[in-house]
């Protein structure tokens, strides 16, 4: 049996998440949020947070919010995401991404995720996850 912590670590160990330096806010609480710096691949040519980078982290944080509700035989994949970019992040700042599972049905999870820098809302997403059986 794989633990919740193992499953969360495997999700964040994907090369894209590692390249963005994504890390759990609290390693003992995978649903507690993810943080990453606005550096390297997370910076666009204008010196601000790249929209694709924050989108990647919003999506994985949404998965982590749903993860505690998944059985060992289940996984979740995104089938719809809508993201609004609300404020620029500046190079060198740290982004905090948190997500809330709004509702879980047998085959769907509905998640809201937000990205903040300090008290400034940078982006928000509505994410629908399809729950699938692992084979």
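Every number here is computed from the coordinates shown, using simple stated rules; none is lab data. Just so you know, these numbers come straight off a predicted model, no measurement behind them. Backbone-built Cβ (ideal geometry, glycine too); neighbour counts: all protein chains shown.
At the listed q of 0.14, 0.18 Å⁻¹, the Debye profile of the chain, built from one uniform point per Cα, gives log10 I(q)/I(0) equal to -0.58, -0.94. Axis angle, to the nearest 10 degrees, between helix 51-66 and the longest C-alpha principal axis of the chain: 30 degrees. Here the sum of -39500 (n - 2.57) over DSSP H runs of 4 or more residues, divided by the residues of the chain, equals -6500 deg cm²/dmol at 222 nm, to the nearest 500. Cβ crowding within 10 Å ranks 74, 59 as 74, 59, fewest other Cβ atoms first. Seen from all directions on average, the stretch 58-135 presents a Cα convex hull projection of 5.6 nm².
Mind grabbing the base-10 log of I(q)/I(0) for the stretch 1-43 at q = 0.24 Å⁻¹? Debye formula, identical points on the C-alpha positions, no solvent, two decimal places. Ignoring solvent entirely, the Cα scatterers give -0.81. No solvent, one uniform scatterer per C-alpha: report log10 I(q)/I(0) for the stretch 94-135 via the Debye equation at q = 0.21, 0.25 1/Å, two decimals. Rounded to two decimals, the profile gives -0.68, -0.80.
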